[in-house]
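All remarks here apply to the structure that follows.
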Amino acid sequence: MVLFEIILGITALIFLFVLYRKRSHSYWARRNVPFMKPSLIWGNLDNPLLTKHGLKVDIKNAYEYFKRHGHKHGGIFFTSDPVWIPVDLELIKNILQKDFAHFTSHGLSADPERDPLSGNVFNLDGEDWKFVRSKLSPNFSSGKMKMMFNTLLECGVPMIDHVDQQSKRGDALDVKEILASYTTDVIGSCAFGIDCNSFKDPNSDFRRCGRKVFEPSFNNVLRMIVAFVAPFLRHVVKFKMISNDVEKFFMDLVSGLFEYRKANGIVRNDFIQLFIEMREKAKETGEKTLTLPQITAQAFVFFLGGFETSSSTMTLCLHELAFNQDIQDKLRAEVRETMKKNNGELTYDSIMEMKYMDQVVNETLRKYPIVPFVMRACTKDYRVPDSNATISKGMKVFISTLGIHRDPAYYPNPDKFDPERFSDENKSNIPNNAYIPFGEGPRICIGLRFGLMQTKMGLSMLLNKFKFSPPAGEKYDFHFDPKSFNLCKEGSVFLKIEKM
Ligand code: HEM
């Protein structure tokens, strides 16, 4: 009898679950929006716990599906949650720029009271975001970038020494680890004014924290699922987006730096200095400014945004150059020519003026958009132009940068690495908004200039001295890391490096 009741209970629960899911999955049909047929459990996602390709490819697949069926946009489901996928470039332009007032949020809730580092500019919304962004923007002007340029150059020296020493052994080296150490040193110096020394101390607290935040560990995969697939769980299980030890490390670091510099009258060319000056100015004028935990959250997001994005760009670029020696030779010739004109030095202006370097970096970010989709949440009901569909407030919006950048309609033979797409003669063939590696509109990446400067600088220093090739017998092989939020190659990236 008891067994019968248990079976009946389970059957009733399954029945209710199926009814609930069917109802949830009818969301787009009820709104006359084209949609992809979802599966009962995961909706249109590959099982996030077993996936071989991850969220970025799920979203690219949805983009390609709607494009193939001639739709300008469409709806999918993250398990039971409806998500909107715009496809048409004009519509995307409207969402990111003209109609930004309807899409001001990234859709990632910040909870600064309980989870202080979550109160960073990437997560914030509405007036809080506007206020913080307006305080941060002046720190990324080209003047401020020039001010930090020498620090970047100094951080490149231990990298070159390290590669020089290690390459003598003749074994292939993991460029992914080398470049992550370089950008950790750069962001440690520029954002926090501290010498991380990642090449001498590969397990420094900074490098350890960097690995910990990005490694595809069980906790990080769970955090990604909570953020994208089931955000309601965050409040139910009181889940923190940043682990306690990483939070403590950054909170202690920034408050310690403020006190130490104040006590010792130390002034440096870095973001902490800019924050100190901002607070001092606010004290004089009485204007509203950022609190210390707010500043720590911003410095933390510079750390996150600053090191992984640029190191992955350089890693993927060197990987392509290893398999395309003609492009590598042409780029090296430009670097050497530029340095020759500047008495053997690299300067901010000369790096930013290198045309072929710009083409190669653009093509790297075209083929491998490190942030593979642009996220928005609808903040005010939105009537889709030229249609009778309305997107409701609260709806999550995912624009597939990877889908657009690999769309043969915009980039013929899209899997080919071809910097000529961005030459003066050819770049006008790329439609507006078909190239968005840094996002677009008022929420465009705030660190764009810094990221490009760091990437071009690292590549110039390495290519000037070394030749990169695939390890003996290795064929081109590329799999996206399914567990990583950003786009990167699964596993290490070993290349043969020879001094030239
Ligand atoms: C190659 C390097 C980089 C790439 C490809 C990249 C890409 C992006 C993308 C796609 C976004 C979202 C934009 C949108 O929603 O429209 C973004 C936002 C952001 N990035 Fe970057 N980024 C890079 C480097 C950096 C660096 C070096 C920093 C800081 C030092 C940084 C800090 C940020 C911040 C704070 C935001 C949030 C801006 C906001 O919401 O107002 N990024 N980035």
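The values are calculated or read from the model by the stated rules, or taken from the named source; none is laboratory data. Fair warning: this is a prediction, and the values are worked out from it, not measured in the lab. Counting neighbours? That spans all protein chains shown, and the Cβs are built from the backbone with ideal geometry, glycine included.
Listing for the model above:
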read-out: Qualifying residue in segment 99-115 (condition: more than 12 Å from the ligand (Cβ to nearest atom), at pLDDT 95 or above and of a type in the set (A, V, I, L, M)); value: yes
read-out: Yes/no for residue 435 being among the hydroxyl-bearing types (Ser, Thr, Tyr) and within 16 Å of the ligand (Cβ to nearest atom); value: yes
read-out: Qualifying residue in segment 39-48 (condition: on the phi > 0 side of the Ramachandran plot and either touching a residue at least 12 places away in the same chain (Cβ under 8 Å) or not in a helix (DSSP H, G or I) (or both)); value: yes
read-out: Whichever residue in segment 410-423 is surrounded by fewer than 18 Cβ atoms within 10 Å (Cβ to Cβ) and touching a residue at least 60 places away in the same chain (Cβ under 8 Å) and, among such residues, is farthest from residue 326 (Cα to Cα); value: 423
read-out: Residue 159 out of contact with any strand residue (DSSP E or B) (no Cβ under 6 Å at 6 or more places or on another chain), farther than 25 Å from residue 395 by Cα, at pLDDT below 90 and among the hydrophobic types (A, V, I, L, M, F, W, C); value: no
read-out: Test for residue 394: is it within 19 Å of residue 107 (Cβ to Cβ), within 16 Å of the ligand (Cβ to nearest atom), in contact with a strand residue (DSSP E or B) (Cβ under 9 Å, 6 or more places away or on another chain) and not in a strand (DSSP E or B); value: no
read-out: Search result, residues across segment 1-30 that are assigned to a helix (DSSP H, G or I) and under 20 Å from residue 83 (Cβ atoms); value: 20, 21, 22, 23, 24, 27, 28, 29, 30
read-out: Pairs with Cβ under 9 Å, 6+ apart, first in segment 281-306 and within 15 Å of residue 258 (Cβ to Cβ) and free of Cβ contacts under 8 Å to residues at least 60 places away in the same chain, second away from the ligand (no atom under 16 Å from the Cβ) and small (Gly, Ala, Ser); value: 292/255
read-out: Qualifying residue in segment 441-452 (condition: outside any helix (DSSP H, G or I) and aliphatic (A, V, I, L, M)); value: yes
read-out: Of all residues making up segment 76-95, the number that are in a helix (DSSP H, G or I) and buried (at least 23 other Cβ atoms within 10 Å of the Cβ); value: 2
read-out: Failed condition for residue 278, given (1) more than 27 Å from residue 448 (Cβ to Cβ); (2) in contact (Cβ under 8 Å) with a residue 60 or more places away in the chain; value: (1)
read-out: Count - residues of segment 95-114 that are more than 23 Å from residue 58 (Cα to Cα), under 22 Å from the mean Cα position of the chain (by Cα) and not small (Gly, Ala, Ser); value: 5
read-out: Residue tally, condition within 23 Å of the chain's Cα centre (by Cα) and either assigned to a strand (DSSP E or B) or of a type outside the set (Gly, Ala, Ser) (or both), over segment 60-75; value: 4
read-out: Checklist (1) closer than 21 Å to residue 243 by Cβ; (2) away from the ligand (no atom under 16 Å from the Cβ); (3) in contact (Cβ under 8 Å) with a residue 24 or more places away in the chain applied to residue 191, failing item; value: (2)
read-out: Conditions (1) modelled with pLDDT of 90 or more; (2) among the hydroxyl-bearing types (Ser, Thr, Tyr); (3) under 22 Å from the mean Cα position of the chain (by Cα); number of the one not met by residue 167; value: (3)
read-out: Where residue 32 falls short, out of the listed (1) surrounded by 17 or more Cβ atoms within 10 Å (Cβ to Cβ); (2) in contact (Cβ under 8 Å) with a residue 40 or more places away in the chain; value: (1)
read-out: Count of residues meeting criterion [in contact with a strand residue (DSSP E or B) (Cβ under 7 Å, 6 or more places away or on another chain) and among the basic types (Lys, Arg)] in segment 477-500; value: 2
read-out: Selection count, segment 28-44, where residues are closer than 20 Å to residue 483 by Cβ and in contact with a strand residue (DSSP E or B) (Cβ under 6 Å, 6 or more places away or on another chain); value: 2
read-out: Selected residue [of a type outside the set (S, T, N, Q), touching a residue at least 40 places away in the same chain (Cβ under 8 Å) and either more than 15 Å from the ligand (Cβ to nearest atom) or at negative phi (or both)] from 475, 465; value: 465
read-out: Subset tally (residues that are among the hydrophobic types (A, V, I, L, M, F, W, C) and closer than 30 Å to residue 395 by Cα) for segment 334-379; value: 8
read-out: Criterion: touching a Gly at 6+ places or on another chain (Cβ under 7 Å), over 30 Å from residue 499 (Cβ atoms) and in a helix (DSSP H, G or I) - qualifying residue of 110, 101, 191; value: 191
read-out: Verdict on residue 404 being assigned to a helix (DSSP H, G or I), more than 9 Å from the ligand (Cβ to nearest atom) and modelled with pLDDT under 95; value: no
read-out: Criterion (touching a residue at least 12 places away in the same chain (Cβ under 8 Å), among the β-branched types (Val, Ile, Thr) and over 15 Å from residue 271 (Cα atoms)) met by exactly one of 157, 163; value: 163
read-out: Candidate set: segment 117-136, residues that are within 9 Å of the ligand (Cβ to nearest atom) and among the polar types (S, T, N, Q); chosen: the one nearest to residue 254 (Cα to Cα); value: 120
